[in-house]
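The values are calculated or read from the model by the stated rules, or taken from the named source; none is laboratory data. Small disclaimer: the values here were computed from a predicted structure and weren't measured. Methodologically, a virtual Cβ is constructed for each residue, glycine included, from the backbone with ideal geometry; neighbour enumeration extends over all protein chains shown. When the accessible area is computed, the model is the full protein with side chains, heavy atoms only, and any ligands, DNA or RNA have been set aside. Shrake-Rupley method; radii C 1.70, N 1.55, O 1.52, S 1.80 Å.
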Amino acid sequence: MALPCSRACRKYLLHLAQENIEFRLPEIKSLLALNGGQFTPEENFNEKSPFWVLNIPSEEIAQGIMKRTVCAKSLFELWGQGRTHEDLQASLNSYPMENMVPYLKPDSTYKINVYTFNKTVTHLDRIKRIDALEFLPFQGKVNLKNPENVFCLLEDYGSDPNSIPEEPVHIYFGRWIADGQRELIRSYSVKKRHFIGNTSMDAGLSFIMANHCKVKANDLVFDPFVGTGDHSVNIFFIQLKTWFGNVCCGLKIHNLCLLYVKVSPALHF
């Protein structure tokens with residue numbers, strides 16, 4: 001049962017990859033439902049934007065999404081946002097101090113990252129942006145290699161690479177929660193396979209399919225059109241078995257495809 005998002009829900013900033021854009025919303029909605037939440041974005045929600053502000057009932061649900069998503073890069077607990085740095089400072093000053101304190105203690109360590117979308121800024125400019133956050137009550141020590149808490153300043157310069165504005169169109173600041181599972185796309189890349197059949201499919205799409213279907217541990221996954229087995233068995237099924245904990249099986253009546261399956265699977269293990 002999905003938990004309703006009351007006023008107590010904290011806001012989270014989801015940073016998404018700018019690919020498979022039409023599949024991102026269904027994936028996040030499915031993963032929210034799988035973890036007991038529901039999709040509740042801000043009023044000015046833009047599906048094509050790389051940044052989504054969502055109201056999520058708990059950090060546990062937020063973590064559950066990031067353990068599965070391949071469409072999202074990172075998730076942050078949103079502390080403040082605005083169109084300008086002045087707006088951001090006003091937003092941060094109004095953020096409840098009791099939510100900040102656990103991560104700003106004197107015996108803690110932290111670092112601040114600066115991320116810009118659609119624009120590259122110099123190292124010196126990044127330092128200036130970090131120094132401008134000195135009004136925040138950080139009491140811990142800076143640790144760039146292994147910090148307990150990671151914060152991020154994110155600047156959105158729009159999506160048109162041919163018309164990049166001088167100033168960001170929106171700025172966000174938040175506490176890093178988790179990264180998505182996009183490294184799995186590289187781990188199961190078509191380029192790394194020993195055998196490619198005519199049903200081979202991008203690894204990312206395989207994971208997206210699994211997430212859209214809300215596949216979870218101990219589910220039985222059945223593919224009635226298993227094809228050569230390159231996608232459905234050695235990619236889709238093996239991924240589900242090793243990553244999501246499922247039992248998988250498939251069916252194919254085309255003899256030529258079955259002949260390939262007899263020869264090729266051993267090359268994958």
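The numbered conditions (1) out of contact with any helix residue (DSSP H, G or I) (no Cβ under 7 Å at 6 or more places or on another chain); (2) part of a loop (DSSP other than H, G, I, E, B); (3) buried (at least 21 other Cβ atoms within 10 Å of the Cβ) are all true for Ser49 except (3).
Residues that are in a strand (DSSP E or B), touching a helix residue (DSSP H, G or I) at 6+ places or on another chain (Cβ under 9 Å), crowded, with 16+ Cβ neighbours inside 10 Å and among the aliphatic types (A, V, I, L, M) occur in region 62-76; there is at least one.
Please specify each residue of region 82-101 satisfying the condition of being in contact with a strand residue (DSSP E or B) (Cβ under 9 Å, 6 or more places away or on another chain) and open to solvent by 40 Å² or more (accessible area, probe 1.4 Å). Don't jump to the end; show me each part of the working.
Residues of region 82-101 that are in contact with a strand residue (DSSP E or B) (Cβ under 9 Å, 6 or more places away or on another chain), as a first pass: 82-85, 87-95, 99-100.
Those that are in contact with a strand residue (DSSP E or B) (Cβ under 9 Å, 6 or more places away or on another chain) and open to solvent by 40 Å² or more (accessible area, probe 1.4 Å): Arg83, Thr84, His85, Asp87, Gln89, Ala90, Asn93, Ser94.
Take region 1-18 and flag every residue that is modelled with pLDDT of 95 or more and either in a loop (DSSP other than H, G, I, E, B) or surrounded by fewer than 17 Cβ atoms within 10 Å (Cβ to Cβ) (or both).
At the first step, the residues of region 1-18 found to be modelled with pLDDT of 95 or more are 11-18.
Passing the criteria: Ala17, Gln18.
Applying the condition of being charged (D, E, K, R) and out of contact with any Cys (no Cβ under 8 Å at 6 or more places or on another chain) to region 20-45 and asking which residue is least open to solvent (accessible area, probe 1.4 Å) yields Glu42. Please verify whether Lys192 is among the charged types (D, E, K, R), under 24 Å from the mean Cα position of the chain (by Cα), modelled with pLDDT of 70 or more and surrounded by 12 or more Cβ atoms within 10 Å (Cβ to Cβ), treating the condition exactly as stated. No, not satisfied.
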